[in-house]
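A short write-up of the structure that comes next.
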Amino acid sequence: MKNPTQGNAAPIVPPRPQGRLKAALDSDIFYSWRRSPVTIIATVVALALILMAVLAPWIAPYDPFDPSSLNLMDGFTPPMTENQFTGSTYLLGTDNQGRDMLSSIMYGSRISLFVGAMATAFAITLGVSLGLVAGYNGGMIDGVIMRIADIQLSFPGILIALLIFGIARGVIPANQQESMAIWVLIIAIGLSNWAQFARTVRGATMVERQKDYVSAAQIMGVHPFLILLRHVLPNVLGPVLVIGTIGLALAIIEEATLSFLGVGVPPTQPSLGTLIRIGQQFLFSGEWWILLFPAVTLILLALSVNLLGDWLRDALNPKLR
Amino acid sequence: MKKVMTHLGLALLSTTMIAGATSAETIRWARGSDALTLDPHSQNQGVTHNFAHHIYETLVDRDVEGTLQPRLATEWSLKEDDPTVWVFKLREGVTFHDGAEFTAEDVVFSLDRARSEASNMRQLHVEVTEVRAVDDYTVEVQTTGPSPLYPDNLTNTFIMDKDWSEANDVVEVQDYAAGADNYAVRNTNGTGPYILQSREVDVRSVMTLNENHWAEDTPAVTEIIYLPIADNATRIAALLSGEVDLVQDVPVQDIDRLQGTGGVKIETGPENRVIYFGYRFGEEPLASSNVTDANPFNDPRVREAMELAVDRDAIAQVVMRGQAIPTGVANPPFVAGWTEELDAYPAVDLDRAQKLMAEAGYEDGFTVTLDTPNNRYVNDEAISQAVVAMLGRIGINVTLASRPVAQHSPLVTNNQTDFYLLGWGVPTFDSAYVFNDLVHTKEGSYGAYNGGLFSDPELDAKIQSLGTEIDMEARDATVAEIWETVKSERVLLPIHNQVLAYAMRDDITLPVHPENQPLLTGLTFAE
């Protein structure tokens, strides 16, 4: 007799579809996704933008990061209009340096997404680790970590990012600042966003800590690090996924804000925010396309990721099912 | 108690002013950047001087044509029996804002301060050995040899009150590059037409009319609100929405649109300022380059290749929208020593440039970082970006580091840059001013802005001789010789001379000042 119950139950419950893909398509989450047209559109837009960004080096018509390929006389060409000096035509026009807007946006989204994703990953790693430690240990450690998080949450993330950026400017030698800029940006945005992850995870961990499976592991003498990693972490990841997705949208916007303020990536390697900063100088002079296209791309990117996050929150929330 | 009385007096003055409000006119004046400091001898920089000229005064001044005019000095001449001494007769009855009387000891103190070690104005006074007061209203300046053009150097050397400076411990000049601070950085006591009322760095400064000023004509503007607005579009939007009355730094792309807008007008004119790129010289490898065994810029062939790769006409046409005059010499046409031959520049020749690069051993190019300000000169960052692209074509892979001028300027004065953009205005209207600061070896009073540490002892000797040469023909010949060498050696990479545009409410008029240092006392209102 090896497990009779399983053998008996098999005919009553319909068998789960075989394979992971089929399992996923059959899940509640996929069901709720299929039923929400807004989410489907958001997914398509987000995927299209992400694909465009990832594949930029292969599909972009020009390489805007290669300054030697630029011709200044191509500058300020309106969309789909022939340049009066060079005779070149660009689908979305060119900026003040003669850079093709379409290619710039593709490469710019790539930087924006890369910075956003890396910064969010950094914030999650830091926030989740600290949240787990704080929630599991309680006491002094919890107090210290959470008070730091509270202090940080009490003023805007962008200020913290600016502060970190300023410090980095002072610490990093002048000749490495430009090559390090992107990493400084990632760390600055990551450090300004970790607190909300820590807070969420800490709460969830405090709940999980009381549960029997944790006690069981403790009695068996499992090292606390392994308990956190193997047992608690998987059970607190749901909410992290939700705020992580929304956090990605926020990080993309934060990167754009920093670049707009001129403290982000160098102007020769523009992200979406840098492109917007360049473009807004020409608002009054009538060259609208330099601002409009990158701005629309940023809005689409942030909005679609945000909508996905919203949907994920609803789908994963048992109370709303 | 005295202070209270002055404050009371000021308060009374201001109330009478409001009572007779018929002539009270406030001008809100927007610029791209703020004065770097209010210590008058700490930074030899246009925006800083422009601001200071409203509060402090100089011995002599220059009118729009460039001729010297009396200001705190009423007469000046070489001493009859000794051509190595300049005698300045001072204006009587002038008082500082705190009520102290202006006398010869203040001039002696200020000139000594301006030529002290930490002063950024030193190069203008290199040939001075002693400044002495003869009586209360006569000052003698002793120079190493006859120095016929010395008064031309005084148009930006401001006079401070000796007692006030001693009382507030500001006898030493603020060492700006080292990040030092003193009382005079935020507080002022000048003799000028306006009194500083409040100052928030980079935000807002307020000045009101000095009722006790010596000038006979009372300026039409009674209050100045100075607003640094770094962002071009915001600055123009502020003018269009009526938040400011005068914008001094108008982005070239907005000139057309502003000309067609009702209620706003534009004044344009050439500025006495050249925009150029500077190189790091010396054997030592560049800090920001992948070439680690040599300094590519030290090779004249590389500098020639770079000049041949830069398309000045395209920059003038696209980046500057025609608001620039391309040039082949780092000397504006206003300045004595400028010639058409010097001004000529080579046509773009990429083939030859590539050949030169190969000859120099850099057929695969090299990398370097270019430091550029982004709020100082017209489209400074865009010019640098365009040059990055142009140099990319001959294999020089340039990383662009863009900073506000307050952070950029110390990089140049502290020699912490390999390749940089700078603009140079020439307030003396004489070439020696360019040579002293940009070409002469960096030592003592010379070479303050020679951030690339160019050094040529032969040129140094010639430059030093200019200060005390009395034979004007011989002096002109030496100036021509120095320019010849500077141009053929490609010590600097000049791009163009800026054309200035001021935008303002259409009922006021402020003519463009060739040094871009307009005094708002010259602003007039339409009837």
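Before moving on, here are some points about what is shown:
- Here the calculated FRET efficiency for B:GLN142 and B:ASN415, from their Cβ-Cβ distance with R0 = 25 Å, stands at 0.20, rounded to the nearest 0.05.
- Using only side-chain charges placed at the Cβ, +1 for Lys and Arg and -1 for Asp and Glu, the dipole size of region B:136-231 relative to its Cα centre rounds to 160 debye.
- Normalised by the number of residues in chain A, the average gap of Cα pairs under 8 Å and 6 or more apart makes the relative contact order 22 percent.
- Total buried accessible area between A and B, probe 1.4 Å, nearest 100: 2600 Å².
- Anisotropy class assigned to the protein assembly as shown is prolate, per the alpha carbon gyration tensor with a/c at or over the 1.5 cut-off and a/b larger than b/c.
- Cα gyration tensor shape for chain B, rounded if a/c is under 1.5, else prolate or oblate: oblate
- Accessible area of B:LEU111 in the full protein assembly, 1.4 Å probe (Å², nearest 10): 0
- When only alpha carbons are used to place a centre, region A:204-223 and region B:91-169 end up 80 Å from one another.
- Phi angles across region A:185-190 convert, under the Karplus curve 6.51 cos²θ - 1.76 cosθ + 1.60 with θ = phi - 60°, into 3J(HN,Hα) values of 4, 4, 5, 4, 5, x Hz, Gly and Pro given as x.
- Fraction of antiparallel bridges per DSSP, the protein assembly as shown only, in percent to nearest 5: 75
- The Cα center of region B:449-484 and the Cα center of region A:239-271 differ in position by 52 Å.
- Counting lysine pairs in the protein assembly as shown whose alpha carbons fall under 22 angstrom apart, excluding pairs fewer than 8 residues apart on the same chain, gives 9.
- Shape category assigned to chain A from the gyration tensor of Cα positions, a/c cut at 1.5: oblate
- Estimated purely from DSSP H runs of n ≥ 4, each contributing -39500 (n - 2.57), the mean residue ellipticity at 222 nm for chain B is -7500 deg cm²/dmol once divided by its residues.
- Heavy-atom surface analysis with a 1.4 Å probe gives region A:114-320 a carbon and sulfur content of 71 percent of its accessible area.
The values are calculated or read from the model by the stated rules, or taken from the named source; none is laboratory data. For clarity, every value in this text was computed on a predicted model and none was experimentally measured. All Cβ positions, glycine included, derive from the backbone under ideal geometry; neighbour counts span all protein chains shown. Ligands, DNA and RNA are excluded from the accessible area calculation, which covers all protein heavy atoms including side chains. Shrake-Rupley method; radii C 1.70, N 1.55, O 1.52, S 1.80 Å.
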